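**Q** Got a structure here, written out as structure tokens. Questions coming.
Rule-based calculations on the coordinates, nothing more; no lab input. Bear in mind the structure is a predicted one, so any value in this text is a computation, not a measurement. With ideal geometry, Cβ positions are generated from the backbone for all residues, glycine too; neighbour counts draw on all protein chains shown.
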């Protein structure tokens, strides 16, 4: 079974530029998560999708971050414009979200450096 | 979300058992206890979870205190590949399967 795919793996941009990350979840997983992990900290949930709809985006900085999940499969996370403090690893995860089948499977992440 | 407390770091020797503690004194009756771990330069991976009873799987065992205010993740024979950050997370009941990660415990395994 293929895991969660993310691209790119690394990205370096200058502040005020835009950047986009892509995630392909495990086939059949209805729920998709985007996390931000700053060095030395645990992952922080940015947004959670259930199929096409947003379940939780309470910690997404909506003035600069946006995310979409077209057709309930792939998802993109965009930052526009980027700030220095956005330097982090962006992790995508997916899960079945059924009782007893709620394990989240994480991708390898995209490491973003904003200069 | 209910809070967990873990030591910042622990050390173990290879092939010895490791007991990783987690305190969660404000746990509610419907909170599940989840453990994930994150190997260097990788995304987190699921280890084990439980509600009230002790749980075993191929990776680890989870021992839950009778009052549920603490739990212990047990790696029966640590290997160098077990060196990682281990996160203890309380996942609330209901249909939102959101996980709130803390800083976790950095486990170092010495050869």
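**Q** Taking each residue of B:42-49 in turn, how many C-beta atoms of other protein chains fall within 10 Å of its C-beta, and what is the average?
**A** Details: counts 5, 16, 10, 5, 6, 1, 0, 3.
What the average comes to for B:42-49 is 6.
**Q** A further question follows. Just the ratio, please: alpha-carbon radius of gyration of the protein assembly as shown over 2.2 N^0.38 Å, N its number of residues. Provide the component values of the computation, followed by the final result.
**A** Details: Rg = 17.7 Å, N = 226, 2.2 N^0.38 = 17.3 Å.
Normalised by 2.2 N^0.38 Å, the Cα Rg of the protein assembly as shown equals 1.03.
**Q** Could you work out how much longer the chain between residue B:10 and residue B:66 gets when fully extended? Use 0.36 nm per residue separation minus the Cα distance between them, nm to one decimal. Don't skip to the end; give the middle numbers.
**A** Numbers: separation 56, 0.36 × 56 = 20.16 nm, distance 2.45 nm.
Contour length minus the Cα-Cα distance gives 17.7 nm.
**Q** Then there's this: For labels at residue A:27 and residue A:9 in the simple 7 Å Cα→Cβ model, what's the distance in nm?
**A** Output for this residue pair reads 2.4 nm.
**Q** Return the percentage of antiparallel bridges among DSSP beta bridges fully within the protein assembly as shown, rounded to the nearest 5 %. Please report the intermediate quantities before stating the final value.
**A** Details: 61 of 70 bridges.
Roughly 85 percent of the DSSP beta bridges within the protein assembly as shown come out antiparallel.
**Q** On the principal axes of its Cα set, how long, how wide and how thick is chain A? Give whole Å, largest value first.
**A** Largest first, chain A extends 42, 25, 24 Å along its Cα principal axes.
**Q** For A:34, A:22, what's the fewest-to-most ordering of other Cβ within 10 Å of each Cβ? Provide the component values of the computation, followed by the final result.
**A** On the way: A:34 25, A:22 14.
Fewest-to-most ranking of A:34, A:22: A:22, A:34.
**Q** Relative to 2.2 N^0.38 Å, what does the C-alpha radius of gyration of chain B come to as a ratio? Two decimals please.
**A** Values: Rg = 13.3 Å, N = 111, 2.2 N^0.38 = 13.2 Å.
Ratio of Cα Rg to 2.2 N^0.38 Å: 1.01.
**Q** Also: Can you report the principal axis dimensions of region A:1-61 using only the alpha carbons, biggest first, rounded to whole angstrom?
**A** 36, 28, 24
**Q** In Å and from the alpha-carbon atoms only, list the Rg and Dmax of region B:66-111.
**A** 13.8, 43
**Q** Follow-up question, since we're still on this one. Under a point spin-label approximation (7 Å from Cα along Cα-to-Cβ), what is the residue B:26-residue A:115 distance to one decimal in nm?
**A** 4.3 nm
**Q** Just rank A:44, A:71, B:3, fewest to most, by other beta-carbon atoms within 10 angstrom.
**A** Numbers: A:44 15, A:71 7, B:3 12.
Result, fewest neighbours first: A:71, B:3, A:44.
**Q** Right, something else. Suppose R0 equals 41 Å. What FRET efficiency, 1/(1 + (r/R0)^6) with r the Cβ-Cβ distance, do residue B:52 and residue A:62 give to the nearest 0.05?
**A** The pair residue B:52/residue A:62 has a calculated efficiency of 0.60.
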